[in-house]
Structures are given as structure tokens and as C-alpha cells.
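Okay, structure first, notes after.
Taken together, the values in this text are just the output of simple stated rules run on the coordinates, not laboratory data. Just so it is clear, the model here is predicted, and its values are computed rather than measured. Cβ atoms come from the backbone with ideal geometry, glycine included; neighbour counts cover every protein chain shown.
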Amino acid sequence: MNNSQISPKLIPVKKIDAHIDALYVILKNRKFNISSNSLPSFNEHKLFVINNPYRYWYLIEVDNSFVGSMYLLKDNCIGLYVVDQNENVIRKTIEWVLKNKKPLPEIKSVRVPNFHINLTPSNKIFTTIVEDMGAIPIQLTYSFKK
């Protein structure tokens, strides 16, 4: 199967060992991070999954293997990570979100009216994909280290 024929399945995350384990493997294999710079313990991770803070959360499956995860936050942010940076999987996952989910209504100064995505500047593949899909940069975010 060539790259353009890959059809990812989005599997809703459940509080089961198989999903908790798969998400931990994905987390351990991350090359790009925005919100976390250190790997939590497995028990911390398990508690996080059990207390799911996301509006929607999915494992991304290709050929019976979990290759990434995607979540939507209540501020309309899309969180997406694909372990091997497969461009087709990234693109099709974003297309699935835009087709099948609606952003929550805008709340001035709290929530923007559209879906948006935060990317680390070093992830050039992802940046190219979202810009090619018509996304436009709306801000730069900087972090102050303690």
C-alpha cells in the first residue's frame, strides 16, 4: 500500500489497559513537544488518561497498529502527534476533524471560533502540511522558562 492509500482509523480513547499502554508508547516516542518536556511515570500517565481532560481523544490506527493520537481541547485546539510523521496520516486526520467535528462557539478573549493547532517551530513537516491545507499562522507563542 503506498502512502497516499493509507487510511487511518480514529479510535476513541477508553480507560482500558490497551489504550493506556499504547498512549504511553506513543508518548515515549515523541520527537516534538510543546506542553511537556519530561516523560511522566507510567502511573502518572495512567491517571492522566483515566481523568481525560479532553473534549475528544482518539488513537490513530493504521494496519492494526496505533501510530499516533489526536485530541480536541475545549478551546478548539487540535492536538495531533503521529510517531513517524507520516504526511498522509497527518493530513487525513486533520481532514477527518474538519469534516466530522464542529468547533465550539467563540467566546471573546477565551475561545476562537475555528479549530487551530499549535506546532513546534522545529517540526517543518507538520508546518508544511497545515499551510498546504490552507491554515494560516495567527500568532507566535513564546514560553518563559523558570
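Quick one: pull the percentage of alpha-carbon pairs in segment 57-106 with a separation above 17 Å.
Value for segment 57-106 (Cα pairs over 17 Å): 32 percent.
Cα centroids of segment 42-97 and segment 108-146: how far apart, whole angstrom?
16
How big is the Rg/Rh ratio for the chain, C-alpha atoms only, Rh by Kirkwood, two decimals?
0.94
Compute the convex hull volume of the Cα atoms of segment 86-139, divide it by the residue count, and report the result per residue in Å³ as a whole number.
84
To the nearest 0.05, how large is the calculated FRET efficiency for A18 and Q85 if R₀ is 41 Å and r is the Cβ-Cβ distance?
Once the sixth-power term is evaluated, E becomes 0.95.
Can you tell me what percent of all Cα-Cα pairs in segment 9-82 are more than 16 Å apart?
Looking at segment 9-82, the distances longer than 16 Å represent 48 percent of pairs.
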